[in-house]
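Please treat every number below as a calculation from the coordinates, not as lab data. What you see is a predicted model; the values in this text were computed from it and never measured. Positions of Cβ are generated from backbone atoms using ideal geometry, with glycine treated the same way; all protein chains shown enter the neighbour counts.
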Amino acid sequence: MRKLWLFALVPLLAAALLAGCSGKTGVSKEMVAGFIYIGPVGDHGWTYAQDKGRVMVEEQLGIRTIYKESVPEGPEVKDVIRNMIDQGAKIIFAGSFGYMDYVEEVSKEYPDIKFLHCSGYKMTDNMGNYFGRMYQARFLSGLVAGMKTKTGKIGYVAAFEIPEVIRGINAFTLGVRAVNPEAKVYVRWTHTWYDPGKETEAAKALLDENCDVIAQHQDTAGPQQAAEAKGAYSIGYNSDMASMAPNAYMTAPVWNWGPYFIDQIQKAMDGTWTPTSYWGGLEDGIVDLAPLTANAPEGSREKVDEMRAKIVSGEFHVFGGPLKDQKGVVRVKKGEVMTDSEMLSMDWFVEGVVGKIDTGK
């Protein structure tokens, strides 16, 4: 009996040793969805927004989900994936760009498991990728910042010199200059996604250079809190951060991952799932602009509504020409619109951005 008891205990102990993975049992025992996060779920930013989507999955589909937070963008993600599969995961969402190559590798080991990678471009027979056209919401937030600035200098705390971040800075700047043609956007790189200290210090440096609005492509509210401490204003990112810097925060480009997660999991449950490359926009609701606060400038709500309608209808394209780069060279001619491929590989700044791109080439 003691041996039988020990054999029964082994799988329970093994499950307990899968450090950091947590979940909740729902109605369906057949489908389990796994989520892998780059940061902590309490970051109020990128990971927080993704985890809100996971919770929506549990509430609306009644399935069990498991997640692992603060997973580095390195080979250890492969062990996390395998652990999730051992726990019964049938579909796995990997939520950061740096996971891409490792997800691709493991997807070939498990052809019956469905994989979805966020912000990448690689695909296999059972691996798709997904992202949102955040540049559309970035443009709208730029309108607000451009109407608010008094100094004509807007600071932007940015993570890494990759196309996603560069594209966002450019879209934001185009929004700023659509309403304030002489304004400029000053970029500071932190080379981290989640480091409240570095993000805050970068914002402080920009504020010391007379920037009176701070925007960001970072995962914490550090830059906004630095702006508040200096009596300046801020544009957030990822989720509505109004409570984190109430006297500075005006709005934020935000993510709404839940409907996409639900759609993909439902298709997997129905047997209709196929790997696709998804890039939805404002019309899908996967990206949006958070409600403007009382800190936003007069008339900005009407301007945002006007341009949102034009983007959704296709009347206006954020990266429609003519567009010049920092050196004044025309990159997109009048009447032309950048292709998705061109936007996804963007490695140059538009006119109005003050900063350098060091891609290590």
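Build a GNM of the chain with springs between Cα atoms under 10 Å apart, and of VAL179, VAL329, VAL144 the one that fluctuates most is VAL329. The simple spin-label model puts a point 7 Å past each Cα toward its Cβ; for THR151 and VAL329 those points are separated by 3.1 nm. Could you tell me whether the chain comes out rounded, prolate or oblate from its Cα gyration tensor? Rule is a ≥ b ≥ c as square roots of the eigenvalues, rounded for a/c under 1.5, then prolate if a/b exceeds b/c, otherwise oblate. Note, shape of the chain comes out prolate.
Taking R0 as 22 Å, what's the FRET efficiency between PHE160 and VAL312 from their Cβ-Cβ distance, rounded to 0.05?
Details: r = 30 Å, r/R0 = 1.34.
About 0.15, to the nearest 0.05.
Taken as Cα centroids, region 271-295 and region 314-361 sit 22 Å apart, rounded to the nearest whole angstrom.
With r as the distance between the Cβ atoms of TYR278 and ASP208 and R0 = 35 Å, compute the FRET efficiency 1/(1 + (r/R0)^6) and round to 0.05. Don't skip to the end; give the middle numbers.
Details: r = 41 Å, r/R0 = 1.17.
Between ASP208 and TYR278 the formula returns 0.30.
Computed over region 139-205, the alpha-carbon pair-distance distribution with 10 angstrom bins reads 23, 47, 28, 1, each value a whole percent. Helices in the chain, meaning DSSP H runs of at least 4 residues, each add -39500 (n - 2.57). Divided by all residues, the mean residue ellipticity at 222 nm is -12000 deg cm²/dmol.
Beta bridges per DSSP, both residues in the chain: antiparallel share near 20 percent. Starting from the Cα of VAL354, step 7 Å along the direction of its Cβ; do the same at THR339; then give the gap between the two resulting points in nm. Once both label points are built, they end up 3.6 nm from each other. Ignoring aspartates and glutamates fewer than eight residues from LYS230 along the same chain, the ones with Cα atoms less than 14 angstrom from its Cα are GLU201, ASP208, GLU209, ASP212. Shape annotation for region 286-357: C-alpha extents along the principal axes are 38, 29, 23 Å, from largest to smallest. Using only the C-alpha atoms, the convex hull of region 214-361 corresponds to 180 Å³ per residue. A cut-off of 5 Å between modelled amide H atoms, ignoring neighbours fewer than 5 places along the same chain, links HIS217 with VAL157, ALA158, ALA159. Note on the chain: with a GNM built from Cα contacts shorter than 10 Å, the maximum mean-square fluctuation among TYR37, TYR99, TYR110 falls on TYR110.
Expressed in Å, the radius of gyration and Dmax of the Cα atoms of region 61-153 are 17.9, 57.
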